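Asker: First the structure, then my questions, so here it is.
The values are calculated or read from the model by the stated rules, or taken from the named source; none is laboratory data. As the structure is a prediction and not an experimental result, all values here were calculated from the model. For neighbour counting, all protein chains shown are included, and Cβ atoms are generated from backbone atoms with ideal geometry for every residue, glycine included.
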Amino acid sequence: MRHDPGPWQWPKVIRRGVGLGLAFVAVWGMALTADTGAVSAAFTQWMDQPAQVVGLLANQMGQPPQAQSPASLDGWGQLLVGQSALLSAAREEIERLSRQEEDEEQPAPLEQDDDDESKPSLQPPEELDDVIEMTGVGQNGSQYLHRDQVYLYNRTGKSLTDAVFDQGEVNLSQQDGPQILILHSHGSEAYSQNDGNLYQETDPFRTTDCTKNVVRVGEEIAQVFRSYGLQVLHDTNVYDYPSYNEAYTRSKQAVEDWLAKYPSIQVILDVHRDALVGTDGSIYKLITEEEGQKVAQVMLVVGTDDGGADHPNWDDNLALGLTLQKALTEDYNALARPLVLRSSSYNQQLSPGFLLLEVGGHGNTLTEAVAGARMFADTAAQTLLGLMSGK
């Protein structure tokens, strides 16, 4: 709300206005006799600091009934600046510089967020270090739903409310035989090489060397699970090479074969890595600091029947995903990005315990991805054991 000075305040305003005018006359007089280059440089530096402009106004005119932001020349600031030809001429430049500073602080909007449905066209950075760090966190509103600190990003066409947090069931139990299957529909997905983990590329950020691609990340998860006594199968086949097309069709057949051979399997993780590119071509790495080190963030993805798949009980998969998401949120600062609900099914109709896991992005290094995967697996193993034992 704008506050105008009352009638009894105008004499004071006029006196202070005159004082401010005299101050600028003095500055003008100094400019006639002083080194004009130095004065110009000082004034340019002053314009870079809009807070100083408003600070001078406040000193001469006093604080208004409701002070505006120090970096803004709105409201009372505009009124007062308008009384000075010098400041009026500088106002546009000040505002331009302020907008420029704000723009520089904002990352470029994302042009590509790998949806795993089509092969992304990725280009290497001009320099190995030309990668922007970011931490994916939940937001209020838009397509985000949340309960407590657990965020769900709804990227389907479904109109959902936070009631979705109560849908679905998790039914895990102790079984004889393998309990967990880890596989990779896009096993050739790889990471940035600026940590010294070099590999022969089949495509940018892809390799069939399973010690350097996302299969290595899956093996880290498997090892942590086994250390907790869980029985794990790790399918290390690369289903997206030499042909990316129909990779999910090939991995679907593999999952069906595994389930037929081992009906004890209750949890399936299809482990990937994400790819995030800005509209300006910038490459982003998904980073969080946990336990004193920078590690790649992870993201759980749950498929639905929104794309036409026969998957009516997708909310059971979601219930398991939200249970893991809650545990990750409690154990770490920001290891888990918001859980994403998508229109595609990603073969998750094959089992209510089937989830897709993204570990880092193509801007991350393998070192960061392995570290983030290890932390994810530590929490997930304890959570799954609790669910299997009925705790």
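Asker: Evaluate the following for Arg226: is it surrounded by fewer than 17 Cβ atoms within 10 Å (Cβ to Cβ) and touching a strand residue (DSSP E or B) at 6+ places or on another chain (Cβ under 8 Å)?
Answerer: Values: surrounded by fewer than 17 Cβ atoms within 10 Å (Cβ to Cβ): yes; touching a strand residue (DSSP E or B) at 6+ places or on another chain (Cβ under 8 Å): yes.
For Arg226, the condition - surrounded by fewer than 17 Cβ atoms within 10 Å (Cβ to Cβ) and touching a strand residue (DSSP E or B) at 6+ places or on another chain (Cβ under 8 Å) - is met.
Asker: Could you look through the stretch 244-260, keep only residues that are closer than 21 Å to Val232 by Cα and aliphatic (A, V, I, L, M), and pick out the one that is nearest to the chain's Cα centre (by Cα)?
Answerer: Ranking the qualifying residues of the stretch 244-260, first place goes to Val255.
Asker: What number goes with the only condition from (1) in a loop (DSSP other than H, G, I, E, B); (2) charged (D, E, K, R); (3) without any contact (Cβ under 8 Å) to a residue 60 or more places away in the chain that Lys158 does not pass?
Answerer: Result: Lys158 passes all but (3).
Residue-by-condition table, conditions (1) buried (at least 20 other Cβ atoms within 10 Å of the Cβ); (2) closer than 21 Å to Ile283 by Cα:
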site	(1), (2)
Val137	no, yes
Arg147	no, no
Asn171	no, no
Asp195	no, yes
Glu201	no, yes
Thr208	no, no
Gly218	yes, no
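Asker: Name the residues in the stretch 230-243 that are in a loop (DSSP other than H, G, I, E, B) and either within 29 Å of the chain's Cα centre (by Cα) or at pLDDT 95 or above (or both), would you?
Answerer: Taking the stretch 230-243 as the starting set, the residues that turn out to be in a loop (DSSP other than H, G, I, E, B) are 230-231, 235-243.
Matches in the stretch 230-243: Leu230, Gln231, Asp235, Thr236, Asn237, Val238, Tyr239, Asp240, Tyr241.
Asker: To continue, here is another question. Scan (1) more than 18 Å from Val215 (Cα to Cα); (2) crowded, with 22+ Cβ neighbours inside 10 Å for the single condition Leu350 breaks and write down its number.
Answerer: So the condition that Leu350 fails would be (2).
Asker: Only one of these is more than 22 Å from Pro263 (Cα to Cα), part of a loop (DSSP other than H, G, I, E, B) and touching a residue at least 60 places away in the same chain (Cβ under 8 Å): Gly390, Gly281. Name it. Spell out how you get there, then give the answer.
Answerer: On the way: Gly390 fails: more than 22 Å from Pro263 (Cα to Cα).
Only one candidate qualifies: Gly281.
Asker: Please go through the stretch 265-278 and pick out each residue that is in a strand (DSSP E or B) and modelled with pLDDT of 95 or more.
Answerer: If we filter the stretch 265-278 for residues that are in a strand (DSSP E or B), which is where we start, we get 267-274, 276-278.
Selection gives Val267, Ile268, Leu269, Asp270, Val271, His272, Arg273, Asp274.
Asker: Looking at (1) touching a helix residue (DSSP H, G or I) at 6+ places or on another chain (Cβ under 7 Å); (2) assigned to a loop (DSSP other than H, G, I, E, B); (3) touching a residue at least 40 places away in the same chain (Cβ under 8 Å), find the lone condition where Gly177 falls short.
Answerer: Single failed check for Gly177: (1).
Asker: Are any of the residues in the stretch 363-385 buried (at least 20 other Cβ atoms within 10 Å of the Cβ) and either at positive phi or not assigned by TED's automatic domain parsing to the domain that holds His234 (or both)?
Answerer: no
The rows are residues; the columns are (1) in contact with a Lys or Arg (Cβ under 8 Å, 6 or more places away or on another chain); (2) buried (at least 22 other Cβ atoms within 10 Å of the Cβ).
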site	(1), (2)
Gln266	no, yes
Leu286	yes, yes
Val301	yes, yes
Thr304	yes, yes
Tyr332	no, no
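Asker: Does Asp280 count as surrounded by fewer than 22 Cβ atoms within 10 Å (Cβ to Cβ), more than 28 Å from the chain's Cα centre (by Cα) and not basic (Lys, Arg)? First the steps, then the outcome.
Answerer: Working: surrounded by fewer than 22 Cβ atoms within 10 Å (Cβ to Cβ): yes; more than 28 Å from the chain's Cα centre (by Cα): no; not basic (Lys, Arg): yes.
When the stated conditions are applied, Asp280 does not pass them.
Asker: Related question: Hey, can you tell me all the residues within the stretch 239-280 that are farther than 25 Å from Leu320 by Cα and in contact with a helix residue (DSSP H, G or I) (Cβ under 7 Å, 6 or more places away or on another chain)?
Answerer: Listed by number, the residues that qualify are Tyr239, Asp240.
Asker: Could you check Lys294 against (1) surrounded by 18 or more Cβ atoms within 10 Å (Cβ to Cβ); (2) within 25 Å of Pro338 (Cβ to Cβ); (3) among the charged types (D, E, K, R) and say which number it fails?
Answerer: Here Lys294 meets the rest and fails (1).
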